[in-house]
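The values are calculated or read from the model by the stated rules, or taken from the named source; none is laboratory data. All figures in this text were calculated on a predicted structure; none of them were measured in a lab. All Cβ positions, glycine included, derive from the backbone under ideal geometry; neighbour counts span all protein chains shown. These accessible areas exclude ligands, DNA and RNA; they are computed on the full protein's heavy atoms, side chains included. Shrake-Rupley method; radii C 1.70, N 1.55, O 1.52, S 1.80 Å.
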Amino acid sequence: MSDRIKELVVEEFTKEDLEKHPNWAGYYTHGTNRERLREGFVNQNVASHETLHFFTDWHFTGKTFPTFINEGLTEYLTREFEKLNVEKENVRYTYSQNVDFVEFLHNIMGDSLIKAYLTGSSKAFSEEFSTYITEDGTINTMALDRFYDSLNRVHDVLHPHNNPKTVEEQEKSEANKKDVIENRYPALRQVVGNIVSNAIRKKAHDLEYYEDGKFKLEKINMEGLTYDANIY
């Protein structure tokens with residue numbers, strides 16, 4: 001990374017940037033060595049966030065994570081870096097919903113999530129993660145692609161890049177919002193439920209009285225256990 005940082009070029013927003021992205025504090029362009037920061041809004045958090053995009057883009061192919069998770073991971077790690085810094089003045093945090101979801105996934109998947117993000121190890125992680133989102137816990141990358149697509153639709157609603165300027169853009173934006181509320185959110189809630197249940201099932205395999213997908217109650221050592229008859 002020490003060699004990689006020498007390639008980074010940081011520039012101020014141009015007039016066109018200010019017109020196109022009036023609410024942005026900074027951005028990194030995928031596949032380049034340049035990031036732009038808005039004068040007057042520059043702070044360590046924004047600079048760290050965009051620079052982390054630059055570093056991970058070294059590996060990031062666009063297939064490792066959808067935008068929703070990619071932005072969430074970038075901001076999540078940026079905030080973790082901030083905790084190491086005593087000076088916390090002028091900090092501007094973003095993507096709160098994305099970060100909350102990433103924190104949930106980190107609790108479930110552990111550091112394999114962070115490793116996949118930092119190294120671009122998409123294939124191994126995607127196969128493992130797909131076993132968490134399906135009802136039966138089997139590998140299903142097509143289901144994962146659908147899940148990622150729904151997350152990206154949600155990201156577009158939560159963080160629109162630009163305000164719709166034409167009637168056609170406005171109609172498309174409203175149709176996307178309707179789709180997210182009526183279809184995507186219910187589907188995502190189901191997937192989150194699958195993630196939790198599969199995580200419990202996978203943890204249960206570590207128990208000595210769990211075999212062949214079933215609990216073997218006869219293997220549980222009941223000696224020394226007592227119970228209150230009034231409870232039962």
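Looking at segment 9-25, which of its residues are touching a residue at least 24 places away in the same chain (Cβ under 8 Å) and either touching a Phe, Trp or Tyr at 6+ places or on another chain (Cβ under 6 Å) or farther than 17 Å from V46 by Cβ (or both)?
K20, A25
Limited to segment 1-19, what total is found for residues that are out of contact with any Ser or Thr (no Cβ under 9 Å at 6 or more places or on another chain) and farther than 19 Å from Y117 by Cβ?
Result for segment 1-19: 13.
Is it fair to say N163 is over 27 Å from I108 (Cβ atoms) and not in a helix (DSSP H, G or I)? Quick ask: steps written out before the conclusion?
On the way: over 27 Å from I108 (Cβ atoms): yes; not in a helix (DSSP H, G or I): yes.
It is true that N163 is over 27 Å from I108 (Cβ atoms) and not in a helix (DSSP H, G or I).
Being hydroxyl-bearing (S, T, Y), open to solvent by 20 Å² or more (accessible area, probe 1.4 Å) and over 15 Å from Q190 (Cβ atoms) is the filter here, so list the residues in segment 127-146 that pass it.
The answer is T138, T141.
Taking the condition open to solvent by less than 20 Å² (accessible area, probe 1.4 Å) and in contact (Cβ under 8 Å) with a residue 24 or more places away in the chain, does Y117 pass?
Taking the combined requirement at face value, the residue satisfies it.
Being more than 20 Å from the chain's Cα centre (by Cα), of a type in the set (S, T, N, Q) and open to solvent by less than 80 Å² (accessible area, probe 1.4 Å), is that true of even one residue in segment 150-163? Quick ask: steps written out before the conclusion?
Keep residues of segment 150-163 that are more than 20 Å from the chain's Cα centre (by Cα), which gives 162-163.
Still in the running and of a type in the set (S, T, N, Q): 162-163.
Still in the running and open to solvent by less than 80 Å² (accessible area, probe 1.4 Å): 162.
Yes, the conditions are met somewhere in segment 150-163.
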